[in-house]
């Protein structure tokens, strides 16, 4: 009799659900993809529905539902924060009491109401969920485990290890001392949105100089040689107030926080570069300590900080560990998966079986819903959208590869949806990396934004060394690595002391022969494609290589700005029609923009999906 | 101010105001504000012996046990009033779909 | 938010999407759907030939037969198949259809099959669907739309004429409807009905019980044009069936819970009763034997479709009859 366990993360950001059968991942998805509300924190009714659909079971067949967090401990932390705040206690109480006491501690009731059955509800701790999400899907039988995020219940950083079915946590750092909160503070101060704009800060870093590292380490964070750290909470607003930084922080860095959407100055670029260096130093030291206390040759990572792929690249390069694996859904969404896996192995005694080929159990992270060609065609026919049904994979790939090589931008909807924040060829917009215009076109005509960040490349795993200086596979876009020197081009350094809006011009400069994916420091956030994970995508890139000599494509997420990545054929079609994409591929069906009738003039979605 | 907000405010005035003052005047520290600089800031866990996946009985008994174990906030009347409040708020509060742009989503 | 469940069909208007496995969110927690390659919620493929020792039964109906609200295995057709050894049941139920479309389904998908028994199980309200040109539906993105359907009319020669085929694909909004009477306005109390729906099922039941409002008047008299049309369709259908037939109309909950008196439908269907070939099975007789509390649990709290218990009750009633025929 199979043991099905459903894991749920909810109520903070990026709610998700995941289902595991006898320890094997069947499905996982973020609620935002179904609700179309970015980072949707609400109870993931739709993601749960999908997980049960994919497993094709009734709720009473579940062994248990496991929640990724201990609401008692979280309440304890929130409540004590309130009690010891120096001011604004009533305001804080008004803010937190409803959500904590009215919603979050009642999670068991939510679960039973949604499933309408008396299922066993279990709980775990936040960082155990992260640790489990990092270790169990990895290809390692044993490993050091490091988790780093904003905060769970009390823990913000943990070091532990995994052995077979067992994981344990040895060391922790507690709130309010947190690398995630530190990074979010700088995110806020540099004028980006907290909870969603952190990756922009990472992308800004290469433009600046790390001139603030010493002052940050002197005043804001004390980092010990073992990687442990303590923040000087006098500089942060998140304990007492409703913003990340306070006046003392502003005074220290010489001015108020940057207002969103205003010009990015040298100060922000240098702050971004500096905090990036601080994070990297912390991560390396923590990893070093993990090595020292566990003695393991492998390391696995999860928690929001693990989405900092520049730091991941530095850790990889350091050689502290022989091998690394990072949970692609490293943020809170991954907690759902971790909770389900932890219960399966730790509580229900499932035996952990590793793959014989040494690959991980995350299966390319294509864990979300797919739509059959029947479904796609039913949708298109019902709405009378013109399309061409190309059943033969090779024919289809040839058409798509040729189109991309001719400068077309293609929306690629194929197979199961990705789990985690990155598009990996399941729900991707693809373009030609050689073309210097690809980047600006994709930004302005597809994403409707200006961006100082390049797009990411997808490259055949066996050709990655031709393009990038990386020795391992990177199937989940979790590593940044340099573009090969021989591909780079020299550009005159910009002498201007304040780059301001120059950023957008600079990013479009040809820094290599694959300019669309090369950052200002000649790095790239790489995805390697292995045919074992996604055969059609591998073959598409291979065909593109045959045509152009380049086995790389630009891969950006299939969505307009501020919108979650598309999930269904309908989402994809609407996104296609709202943008200047040339071609849409929906499984076997190919749609050309010139054949479509314009949608009703409705720009209200631009207000709904704001810039983030 | 709606009825729910009234309930929250009344609770604050009846139960929390004095408690906050009491804690302010005591030497209770919930966050590690130790000014000494140790060699390491890590806190140790008990490692392998932990129960990692568990049932949580109702909130009231769990909170009571947790605070008793830690010898904190050990006021039966206070715990009962928090439980009563949580039941009232469950009836009136709805999940929020908003994510703050200004502060990390941690409560 | 949910998957699209239906695909266009030029004769019927739509069928389920073939080879679909989906889960639908529902007030009762959700249910699983599986369809075969013809686009019906049936675990069997509709193979023409049947095995010699198998008694094959074809079921037709609307969402009550298709099983809205419950997974495939909990429907009365699947329960019957489990209980009646040696049977194979093909479920041709299609949500939202009238008898007209159910007959067309028979013509399109079942006419050439080998079978031993046909059960026509329209929900009583289906009589109204035969006279409209558009049917309401909620798109999978949540929009309220009206989709076109095929319909029969009785011409001057008393013959049935099929119209609106191929069915136009486009669904339209209420504002785009050519004429308001092309949709079912649910009698003269549409506004009141909508108001009561908003109040909730409990309040609605109280009002129903007190008022004893008759929701369907189309069966009151054998001269009623709605009934004449339905009868004509059924007669044509019967003439095309080469086996025994059970006509088993599924009663609305008002009759089951005795919130309203069944007004005439028994007499009307008795007009078609012609044993042993055509058997009218009045399932209400068996359903009325349950206690009021049990009967209330035959439908969901807000959704009028039958629950697992409701389907069990249907299966139990039909079992007795079908057993004698197998």
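Only the coordinates and a few stated rules stand behind these numbers; no lab work does. Since we're looking at a predicted model, the values are computed, not measured. Cβ placement follows ideal geometry from the backbone for every residue including glycine, while neighbour counts extend to all protein chains displayed.
Mean residue ellipticity at 222 nm, helices only, chain A: -10000 deg cm²/dmol; runs of at least 4 DSSP H residues each add -39,500 (n - 2.57), and the sum is divided by the number of residues.
Among C:234, C:117, C:261, the largest mean-square fluctuation in a Gaussian network model of chain C, built with springs joining Cα atoms closer than 10 Å, belongs to C:261.
7 Å from Cα along Cα→Cβ at both residue A:466 and residue A:437: what's the point-to-point distance in nm? Inter-label distance under the simple model: 2.6 nm. A protection proxy built from the mean count of other Cβ atoms within 10 Å ranks the segments A:113-123, A:16-26, most packed first, as A:16-26, A:113-123.
Spatially, segment A:291-351 and segment C:80-128 are offset by 54 Å when compared through their Cα centroids.
At an R0 of 30 angstrom, the distance between the Cβ atoms of residue A:580 and residue C:107 translates into a FRET efficiency of 0.05.
Model label points for residue C:164 and residue B:94, set 7 angstrom from Cα along the Cα-to-Cβ axis, are 3.6 nm apart. Translational diffusion coefficient, Stokes-Einstein: compute it for segment A:373-594 using the Kirkwood radius over C-alpha pairs as Rh, at 37 °C and 0.692 mPa s, and state it as an integer in µm² s⁻¹. This corresponds to a translational diffusion coefficient of 186 µm²/s.
Here segment A:128-330 yields Rg over Rh of 0.97, to two decimals, using C-alpha coordinates and the Kirkwood radius. When DSSP assigns beta bridges and you keep just the ones with both residues in segment A:373-594, what percent turn out antiparallel, to the nearest 5? Within segment A:373-594, antiparallel bridges account for around 75 percent of the total. When both segment B:1-21 and segment A:186-245 are represented by their alpha-carbon centers, they are found 34 Å apart. Based on the convex hull around the alpha carbon atoms, segment A:242-394 presents an average projected area of 17.9 nm². Per residue of chain C, the DSSP helices (runs of n ≥ 4 H) give a summed -39500 (n - 2.57) that works out to -8000 deg cm²/dmol at 222 nm.
Calculate, in whole percent, how much of the Cα-Cα pair population of the protein assembly as shown lies beyond 61 Å. Summing the P(r) tail past 61 Å for the protein assembly as shown gives 16 percent. Taking other C-beta atoms within 10 Å as the exposure proxy, C:115, A:412 rank C:115, A:412 from fewest upward.
Look at the stretch B:86-97: the mean tally of other chain Cβ atoms within 10 Å of its residues' Cβ atoms is 6. Binning all Cα-Cα separations of chain C at 20 Å, short to long from zero, yields these whole-percent fractions: 31, 63, 6.
So what is log10(I(q)/I(0)) for segment C:241-300 at q = 0.20, 0.22, 0.23, 0.28 1/Å, when the Debye sum runs over its Cα atoms only? Log-scaled intensity ratios, in q order: -0.78, -0.87, -0.91, -1.14.
Taking a spot 7 Å from the Cα of residue C:114 along the direction of its beta carbon, which residues of segment C:80-97 have an amide N less than 11 Å from it? Counting only backbone N, you get no residues. Remark: A:103, C:138, C:131 ranked as C:138, C:131, A:103, counting other beta-carbon atoms within 10 Å and listing the fewest first.
What is the Cα centroid distance between segment C:134-176 and segment C:20-70, reported in whole angstrom? Between the Cα centre of segment C:134-176 and that of segment C:20-70, the gap is 24 Å. Let's test the formula: R0 of 30 Å, r as the Cβ-Cβ distance of residue A:600 and residue A:406. What FRET efficiency results, to the nearest 0.05? The calculated FRET efficiency here is 0.50.
Label positions at residue C:37 and residue A:116, each projected 7 Å from the Cα along the C-beta direction, are separated by 3.4 nm.
Working note: Debye formula, equal point scatterers on the alpha-carbon atoms of segment A:1-50, no solvent; log10 I(q)/I(0) at q = 0.23, 0.24, 0.30 Å⁻¹ is -0.71, -0.76, -1.01. Rounded to 0.05, the FRET efficiency of the residue C:154 and residue C:243 pair, given R0 = 30 Å and the Cβ-Cβ distance, is 0.70. By the beta-carbon count within 10 Å of each Cβ, the least crowded to most crowded order of C:281, C:311, fewest first, is C:281, C:311.
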